[in-house]
Amino acid sequence: MNFKRFFPAILTNLAAALSEILLMASSAWLIASAALHPPLSSLSIGITLVRTAGISRAALRYADRFVSHKIIFKILDDLRERIFLNAAKILPMKSGRSHEGELLHNLTVSADLLKDFLPRVVLPLSTAAIITIFLTYFLNEPLFLIIFLINLIPINIKSADDSNYRERILDFNDGRDELNIFGTKPSIKILNQAAKNFSEENFKVIARQINFDTGFRILNAAGFFFILLKVALVADKIALTMWTLIFLATLEIFSQIQPTVRTWKKIRAIKLPDNKNLHSAQILSTKHAIEIKNLSFSYANEKIFDDFNLKIERGERLSIVGESGAGKTTLLYLLTKLFEPDSGKIVVNGKIAASTFTNYIFSTSIRENFKILHENISDDEIFSALKLCGLENFNIDIPIGEDGANLSGGERNRLQIALAVAKNAEILILDEPTAGLDKKKAEKLINNLISYAKQKNLTLIVITHDSNYFSELGRIEIAFPNKNKE
């Protein structure tokens, strides 16, 4: 983070804290002086000072919040952008959807914690440190500094672990269809127990934190009381009253140090995805549309590709076939840079547009789905892509539900293809384009796509387990590496 952006907030927060101390001190002086029954005129300066300090305190507190919140919202915007871009680069993960959800959950929690770095760490620590320096200097009392440093001691309080509870929720969410079919009662019991375990652990953690915070408050109060006794030996009653209220205000500031230290420890433990560790697409020259050299890729201990080679020419139209689990969709993820190979090279010459059977459909209208992916697309281009896929009669301004829930499986699949076609890319990859379609609609869709590819001279790749509809395409068959060796 760029700490220079914090300086205005630090200054306004410090000014607000000092104005509060000034208000306490001037109020103490006025009360103590008034107890001696002096002429009212002699208290006019004190009354004016109290009023000025009160107004200043209110104005500076407002300024403190205004400046701090402005900086916080800018930090939050930057964090959201960074998290979104980095998460988009590393998803989908090999480990599956549940772990994708866990990652996104952690990133969201981390963002919430990081945005509070300024108000919960920087401002309390900087204000406490500066006031400690002031008090140490004016009273020539090093004990202030010792108390401040003691409060910085990190107490190791392990946070409650909610990973089991979150993993259960994510796991049951992925299997919600099965739970609805077979009954949710067992899963509810398991979730309730996981929630109970987490709640009990969290209660113990909170209790320990309260005990430690109370202990530090007692320690701080004892230290300040000891200093106050030393001040009492040399100060008159009015000065002693003033220092008493100043110390009370300072004690409140010191009470925030331990929670600040805990927050700082949590923030230091956060590791957001680093752009340096993310693979970017390689741009290498090739005369082919796609060239794959010595590709190896595996999920955990299951190898999908082993020294795999493939060349696809520009304008070539072919189908990639293989049994379920052979790696057809994985190959699409590799070609589109969603996955990175374990070894080998993938060189792509031109823009790729792809439609996968698991693509997400946004819950807004069909028009907005096109606008989200293709910012400057015209209505003519939208209708042209829809007509190619047999969806020209659809109302494109009606919301289609979460993940296209208001569409049938075949309509949803054809909309994904239309969204890919609208990119006007040189290479079009379609994963199971005829899924959910009857024979007549499937044949019409394939004929339209092949004609479109010939007209535009596109490289068309159709990934499928059934090549009955693709007689006009070339054919490449892939299988598991260990099956190739048999």
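The values are calculated or read from the model by the stated rules, or taken from the named source; none is laboratory data. This structure is a prediction, so every number in the text was calculated from the model and none was measured. No Cβ is skipped: glycine too gets one built from the backbone with ideal geometry, and neighbour counts run over all protein chains shown.
Quick check, is residue 123 buried (at least 18 other Cβ atoms within 10 Å of the Cβ) and either in contact with a Pro (Cβ under 9 Å, 6 or more places away or on another chain) or modelled with pLDDT of 75 or more (or both)? Yes; evaluated as a whole, the condition is true for this residue. Residues in region 298-325 that are among the acidic types (Asp, Glu) and farther than 26 Å from residue 350 by Cα were compared, and the one that is modelled with the highest pLDDT is 302. A count restricted to region 390-409 and to residues that are more than 9 Å from residue 364 (Cα to Cα), more than 29 Å from the chain's Cα centre (by Cα) and surrounded by fewer than 12 Cβ atoms within 10 Å (Cβ to Cβ) stands at 3. Within region 51-84, restricting attention to residues that are β-branched (Val, Ile, Thr) and at pLDDT 85 or above, the residue that is surrounded by the most Cβ atoms within 10 Å (Cβ to Cβ) is 67.
Per the conditions (1) touching a residue at least 24 places away in the same chain (Cβ under 8 Å); (2) closer than 14 Å to residue 123 by Cα, the sole criterion not satisfied by residue 69 is (1). Residues in region 129-155 that are of a type in the set (Phe, Trp, Tyr) and touching a helix residue (DSSP H, G or I) at 6+ places or on another chain (Cβ under 7 Å): 2 in all. Filtering region 293-325 to residues that are in a strand (DSSP E or B) and hydrophobic (A, V, I, L, M, F, W, C) leaves 295, 297, 304, 305, 308, 310, 312, 318, 320, 321.
The residues of region 440-452 that are farther than 18 Å from residue 321 by Cβ and either out of contact with any helix residue (DSSP H, G or I) (no Cβ under 8 Å at 6 or more places or on another chain) or not assigned by TED's automatic domain parsing to the domain that holds residue 321 (or both), listed by number, are 440, 444, 447, 451.
Here the condition is being in contact with a strand residue (DSSP E or B) (Cβ under 9 Å, 6 or more places away or on another chain), crowded, with 17+ Cβ neighbours inside 10 Å and either modelled with pLDDT of 80 or more or not in a strand (DSSP E or B) (or both); of 330, 358, it holds for 330 alone. For region 265-297, taking the residues that are surrounded by 14 or more Cβ atoms within 10 Å (Cβ to Cβ) and at pLDDT 85 or above, the one that is nearest to the chain's Cα centre (by Cα) is identified as 297. For region 151-189, the candidate set comprises residues that are part of a helix (DSSP H, G or I) and in contact with a Phe, Trp or Tyr (Cβ under 8 Å, 6 or more places away or on another chain); within that set, the residue that is modelled with the lowest pLDDT is 179. Of all residues in region 288-324, those being of a type in the set (S, T, N, Q) and free of Cβ contacts under 8 Å to residues at least 40 places away in the same chain number 2. Selection within region 21-42: residues that are of a type in the set (A, V, I, L, M, F, W, C) and surrounded by fewer than 16 Cβ atoms within 10 Å (Cβ to Cβ). The member of this set that is nearest to residue 250 (Cα to Cα) is 31. Looking across 241, 214, one residue alone is surrounded by fewer than 12 Cβ atoms within 10 Å (Cβ to Cβ) and assigned to a helix (DSSP H, G or I). It is 214. Considering each residue of region 435-477, count those that are modelled with pLDDT under 85, within 41 Å of the chain's Cα centre (by Cα) and assigned to a loop (DSSP other than H, G, I, E, B), and give that number. Number satisfying all stated conditions: 5. Against the numbered list (1) within 17 Å of residue 475 (Cβ to Cβ); (2) more than 31 Å from the chain's Cα centre (by Cα), residue 327 comes up short only at (2). Just the residues that are surrounded by 15 or more Cβ atoms within 10 Å (Cβ to Cβ), assigned to a strand (DSSP E or B) and of a type in the set (Ser, Thr, Tyr), please, taken from region 333-355. Hit for region 333-355 is 355, nothing else.
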